[in-house]
Amino acid sequence: MSDYKVTNNITTSVEGRDLVMERIFDGPRDLVFKAFSNSVRLASWWGPRGWQTENRAFNFKPDGVWHYCMRCTDENQGEFHGQESWGKAVYQEITVPEKIVLTDMFADEEGNAADGMPVTLVTYTFVEHEGKTKLIMRSRFASVEGLQQVMGMGIVQGCASQFYRLDDLLEKLQKIG
């Protein structure tokens, strides 16, 4: 059973323990792929608006680790201001410029997986679409409960916010050329 919703330009569906989000970006596939595969570019847009990302480790290859910290720098975000959120990804498969598969988890400052938080297998597929790029992000959770936990934490809204930041980066990169 699938439940389709469109929120902030993201088409979302839940298929069992999978969350599938699709969104079109105004940029060629190679450029969008590089926004995910280049450490500086990724850090410049990853995370919701008002948060800055620092890459502690970034090794973009199979079995390579991406360990990062998002910090809320926006004073208007109230209790979130000053908070940190650590994450870690381990790349499983990379096909340039078509696909990135990684294991994603909440982590601590040392890169240890956070207790009680789901580990997710995420597949990003980059599809050429009328001169633009369709990103298909499939997140497979170990359980429906893990999916529901992350949905309750606002994963769709968080992705929507950071994807607007990616729009801004793509626009800037295409202007400078």
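The values are calculated or read from the model by the stated rules, or taken from the named source; none is laboratory data. What you see is a predicted model; the values in this text were computed from it and never measured. Positions of Cβ are generated from backbone atoms using ideal geometry, with glycine treated the same way; all protein chains shown enter the neighbour counts. Note: areas computed on protein heavy atoms with side chains; ligands, DNA, RNA excluded. Shrake-Rupley method; radii C 1.70, N 1.55, O 1.52, S 1.80 Å.
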Multiply the residue gap between Met153 and Asn76 by 0.36 nm, knock off their C-alpha separation, and tell me the result in nm, one decimal place. 25.8 nm
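Grab the DSSP H runs of the chain that are 4 residues or longer, score each as -39,500 (n - 2.57), total them, divide by all residues and round the 222 nm result to the nearest 500 deg cm²/dmol. Spell out each step's value before the answer.
On the way: 4 runs with 47 residues, N = 177.
Helix-only estimate at 222 nm: -8000 deg cm²/dmol.
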Rounded to the nearest 0.05, what FRET efficiency do Glu130 and Gln83 give with R0 = 41 Å and r taken as the Cβ-Cβ distance? Could you check? 0.55
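Kindly state, to the nearest 0.05, the FRET efficiency for Tyr164 paired with Asn55, given R0 = 25 Å and r defined as their beta-carbon distance.
0.75
Rounded to a whole number, what % of the accessible area of the chain do carbon and sulfur atoms account for, probe 1.4 Å? Present the calculation step by step, with values, prior to reporting the outcome.
On the way: 4480 of 9380 Å².
Ligands and nucleic acids excluded, carbon and sulfur give 48 percent.
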Determine, at each q value in 0.09, 0.15 (inverse angstroms), the log₁₀ of I(q)/I(0) that the Debye formula gives when each Cα of the range 1-128 is one equal point scatterer. -0.29, -0.84
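Report the extension gain between Asn9 and Leu121 in nm, rounded to one decimal, defined as 0.36 nm multiplied by the number of residues separating them, less their alpha carbon distance.
38.0 nm
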Work out the FRET efficiency for Asn112 and Ser39 from their Cβ-Cβ distance, taking R0 = 22 Å, and round it to the nearest 0.05. 0.55
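Leaving out ligands and nucleic acids, and using a 1.4 Å probe, what accessible area per residue does the chain come to in Å²?
Ligands and nucleic acids excluded, the result is 53 Å² per residue.
Hey, what did the range 68-119 get for relative contact order, percent, Cα under 8 Å, at least 6 apart? If you can, show how the numbers build up before the last one.
Details: 79 pairs, mean separation 13.8, N = 52.
The normalised contact order for the range 68-119 reaches 27 percent.
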